[in-house]
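Right, one structure below, let's go through it.
Read-outs throughout are calculated quantities, based only on the coordinates presented, and are distinct from any laboratory measurement. Model, not experiment: these values are computed from the prediction. Glycine gets a Cβ as well: all are built from the backbone with ideal geometry, and neighbour counts include every protein chain shown.
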Amino acid sequence: MTANRGSSATAEHDSDEATLAVVAHSLMASMTVLEAGIATLRTSWDRLEDGQKGQILDAVITRTGFLRGMLEDLVRGMPPDTVALLDSLGGPISL
């Protein structure tokens with residue numbers, strides 16, 4: 001039975017690592033979209049047509065909402081003491 005518990009723990013660890021990798025990739029990809037969009041607006045504002053500006057802003061808004069949702073999901077999974085600490089630091093934490 002010890003070997004069985006070991007393989008179960010290994011599988012759980014692998015699953016946790018896979019989940020962390022997916023979350024990290026999603027966060028980094030979203031940050032890349034935000035950074036690129038904002039940088040494009042800053043450096044090319046006068047050359048962009050209104051429709052292009054709107055598309056970039058829509059992408060920024062969409063990704064910001066996605067990030068907020070992911071972070072809220074992460075906070076929901078935290079221990080209550082950690083959530084209370086985050087809340088005490090200020091800023092909106094609305095779950």
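Phi-derived couplings, Karplus 6.51 cos²θ - 1.76 cosθ + 1.60 at θ = phi - 60°, listed residue by residue for region 50-62: 4, x, 5, 4, x, 5, 5, 5, 4, 5, 5, 5, 4 Hz, with x used for Gly and Pro. The Cβ shell under 15 Å around Gln52 holds other residues with a net charge of -1, Lys and Arg each +1, Asp and Glu each -1.
In order along region 40-48, phi translates into HN-Hα couplings of 5, 4, 5, 8, 10, 3, 5, 8, 7 Hz, rounded to whole numbers, per the Karplus curve 6.51 cos²θ - 1.76 cosθ + 1.60 with θ = phi - 60° and x for Gly and Pro. When the chain is treated as a GNM with alpha-carbon contacts under 10 Å, the residue of Met78, Met31, Met70 showing the greatest mean-square fluctuation is Met78. When the GluC sites (Glu not before Pro) in region 1-70 are filtered for DSSP coil states and for at most 16 other beta-carbon atoms within 10 Å of their beta-carbon, the remaining sites are Glu49.
Per-residue 3J(HN,Hα) values for region 69-79, derived from phi via the Karplus relation 6.51 cos²θ - 1.76 cosθ + 1.60 with θ = phi - 60°, read x, 4, 5, 5, 5, 5, 5, 4, x, 8, x Hz in sequence order (x marks Gly and Pro).
The value of relative contact order for the chain, using C-alpha pairs under 8 Å at least six residues apart, is 23 percent.
Think of the chain as a dipole: +1 on every Lys or Arg Cβ, -1 on every Asp or Glu Cβ, centred on the Cα centre; then among Ala9, Ile38, Gly69, Ile38 lies furthest on the positive end.
Note on the chain: GNM, Cα springs under 10 Å; of Ala36, Ala59, Ala11, the largest mean-square fluctuation is that of Ala11. When Rg is the radius of gyration of the Cα atoms in the chain and Rh is its Kirkwood radius, what does Rg/Rh come to? Ratio value, two decimals: 1.18.
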